[in-house]
Amino acid sequence: MALVWYALLGLFVAGYLVLAGYDYGVGLLLARRDTPATRRAGLTALGPFFLGNEVWLVAAVGILFGVFPTLEGELLSGYYPAVAGALVGVILVTAGVQQRSRPTGPVARRGWDRVIVVGSALAALGWGALLAGLLQGLPIDADGHVAGQTHLATPFVAATGLALLTLVAAHGATFLTLRLPAADLPATSRLARRLLVGALAAVATAAALGLLSDRVRAATRQPLPAVLLLVALVGALVAARAALRRGRPGVALAATSAALALPVALVGAALWPAVLVSTVDPAATVGVTDAAASGPTLRLLGWLLLPLLPALLGFQAMCWWVFRGRTDGRAPVYW
């Protein structure tokens, strides 16, 4: 039962990174020196999906608090700077998007654009640092407490945060190739392809630092699945760039979505059967079953989740079906 819930937690976290990833990607693109109309067009393309995408984070946090209370406590204490930075970013993006749509002047809108850019960067960097921190373990002592926060100040954590930042930027640009008017497709496609090259370089850098890191090698329990998933991530980015060159933005978006979901699967597979690896006391390592709540609690929560999961998936599918066209009313090319 704990394994099923662990898989569901991974599903919701991956779904959040995929769906909110293009929110933050479009937000990062507001930093470009575009005209106000161009910036507005990007946010308009994002508008129908924005609030629905954040629901996946709420669902993931609900599972974390209800099903894995031990994991929740250690995440907040052991990775507090990363989690706090990411949540501040989420709040800034939500506030910026909401306030920018109010009838204010161009100076105020440009100020809110900067808030969205900063929030998007904080969210991407924070979630990337959290994934990297999980992958390299943390100093849990024999009493079950985390000693300090310096374990996050490593080159691998910084490189992974930057890698996720470039991934969401490329994902956001790829999303716009599917949503903006067809006349904007060549320019947006060129931007997305350039960002994908940057994402490939950033992922390669983070992977190299991870392979050279003693902490990552010591914390990794399943190296082969981790390497295979890393190769799949690189392949997804290459496939996305090739699809954009062939004028298939739908395939490209599916590929960048896979590239954002795969890091979650990579972390879960690399650490299995542990969920938190102690770098100072192997006996303090927390397994998936150790972190889970009791059996009766899991069964009760399962009955509560049973009607909610289809409703969430159905709502997301409905949003994409209703707003599947471009913002100029034309149907996009998916395949």
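With R₀ fixed at 35 Å, the C-beta to C-beta distance from Val88 to Arg246 puts the FRET efficiency at about 0.35.
Computed extension length for Ala208-Leu300: 28.8 nm, one decimal, from 0.36 nm per residue of separation with the Cα-Cα distance subtracted.
Stick to the Cα atoms of region 105-199, pair each with every other, and give me the Kirkwood hydrodynamic radius in Å at one decimal. 15.7 Å is the Kirkwood radius here. The mean accessible area for residues of region 230-279, using a 1.4 Å probe and ignoring ligands and nucleic acids, is 34 Å² per residue.
Mean residue ellipticity, 222 nm, helices only, the chain: the sum of -39500 (n - 2.57) across DSSP H runs of n ≥ 4, divided by residue count and rounded to 500, is -26000 deg cm²/dmol. Peptides 307-314, 41-48, ordered by how many other C-beta atoms sit within 10 Å of their residues on average, highest first, read 41-48, 307-314.
Taking a probe of 1.4 Å, how large is the accessible area per residue of region 54-195, in Å²? All intermediate terms of the calculation are to be shown ahead of the outcome.
Working: 5530 Å² over 142 residues.
So region 54-195 comes to 39 Å² accessible per residue, rounded to a whole number.
Summing +1 for each Lys or Arg and -1 for each Asp or Glu among the other residues whose beta-carbon sits under 15 angstrom from that of Ala201 gives +3.
Could you rank the peptides 117-124, 219-226 by their average count of other C-beta atoms within 10 Å per residue, with the highest value first? List each step's numbers first, then the result.
Numbers: 117-124: 24.4, 219-226: 17.0.
The most tightly packed comes first, giving 117-124, 219-226.
Each of Thr289 and Met1 was given a label point 7 Å from its Cα along the Cα-to-Cβ line. The distance between the two points is 1.3 nm. Rounded to two decimals, the Cα-based Rg/Rh of region 148-299, with Kirkwood Rh, is 1.08. The share of alpha-carbon pairs in region 206-282 lying farther apart than 21 Å comes to 37%.
Highest-first packing order for the peptide set 57-64, 283-290 is 57-64, 283-290, based on the mean count of other beta carbon atoms within 10 Å. Surface listing: Leu266, Leu304, Leu212 arranged by accessible area from highest to lowest gives Leu212, Leu304, Leu266, probe 1.4 Å. Can you pull a Stokes-Einstein diffusion coefficient for region 219-327 at 25 °C (0.890 mPa s), Rh from Kirkwood over Cα pairs, as a whole number of µm²/s? Estimated diffusion coefficient is 142 µm²/s.
Charged neighbours of Phe12, selected by a Cβ distance under 15 Å, balance to -2 (K, R count +1; D, E count -1).
Computed over the Cα atoms, what is the radius of gyration of the chain divided by 2.2 N^0.38 Å, N being its residue count? Kindly include the intermediate steps, with their values, before the conclusion.
Values: Rg = 19.9 Å, N = 335, 2.2 N^0.38 = 20.0 Å.
That ratio works out to 0.99.
Rg/Rh for region 59-153 (Cα atoms only, Rh after Kirkwood) is 1.13.
Take the solvent-accessible surface of the protein heavy atoms, probe 1.4 Å, and return the percent of it on the chain that carbon and sulfur atoms account for.
Working: 10670 of 14920 Å².
Answer for the chain: carbon and sulfur cover 71 percent of the accessible area.
Considering only the other residues whose Cβ falls under 14 Å of the Cβ of Phe68, what net charge follows from Lys and Arg at +1 and Asp and Glu at -1? Don't jump to the answer; show the numbers that get you there.
Details: positive: none; negative: Glu72, Glu74, Asp290.
Spelling it out: positives minus negatives among the neighbours equals -3.
Taking every Cα-Cα distance in region 67-114 and sorting them into 10 Å bins from zero, the calculated P(r) comes out as 24, 31, 22, 17, 6 percent.
The values are calculated or read from the model by the stated rules, or taken from the named source; none is laboratory data. Nothing here was measured: the structure is a model prediction, and the numbers come from that model. We place every Cβ from the backbone using ideal geometry, glycine too, and count neighbours over all the protein chains shown. Each accessible area value is taken on the protein alone, full model and side chains, heavy atoms only, with ligands, DNA and RNA left out. Shrake-Rupley method; radii C 1.70, N 1.55, O 1.52, S 1.80 Å.
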